[in-house]
């Protein structure tokens with residue numbers, strides 16, 4: 001939890017330091033952070049994109065794989081199991 005502030009910049013870092021109450025646990029801080037920067041609507045949209053992704057006609061397998069991985073990285077808490085992703 002002590003290293004977390006050093007991983008942030010911009011609005012995320014401002015948000016952390018402007019909190020009126022310090023977090024007691026990592027779980028509390030994680031929940032509040034995700035609610036602020038990854039709201040349920042955003043997560044749902046990205047989950048739909050991940051589940052519906054298809055390789056474009058002119059796209060190589062490597063290009064498709066890179067696009068797929070970038071999409072998954074946009075929302076690391078998409079909660080889609082690795083078995084379903086493969």
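Things to note:
- To the nearest ten degrees, helix 40-52 and the longest principal axis of the Cα atoms of the chain are 20 degrees apart.
- Dividing the summed helix terms, -39500 (n - 2.57) for each DSSP H run of n ≥ 4, by the number of residues in the chain produces a 222 nm estimate of -17500 deg cm²/dmol to the nearest 500.
- For the pair residue 42 and residue 21, the difference between a 0.36 nm per residue extended length and the Cα-Cα distance amounts to 5.0 nm.
- Across the chain, Cα pairs under 8 Å and at least six residues apart give a relative contact order of 26 percent.
- Full extension of the segment from residue 83 to residue 70, taken as 0.36 nm per residue of separation minus the current Cα-Cα distance, would add 2.9 nm.
None of the figures in this text is laboratory data; all of them are computed from the coordinates on show. No experiment lies behind these values; they were computed from the predicted model shown.
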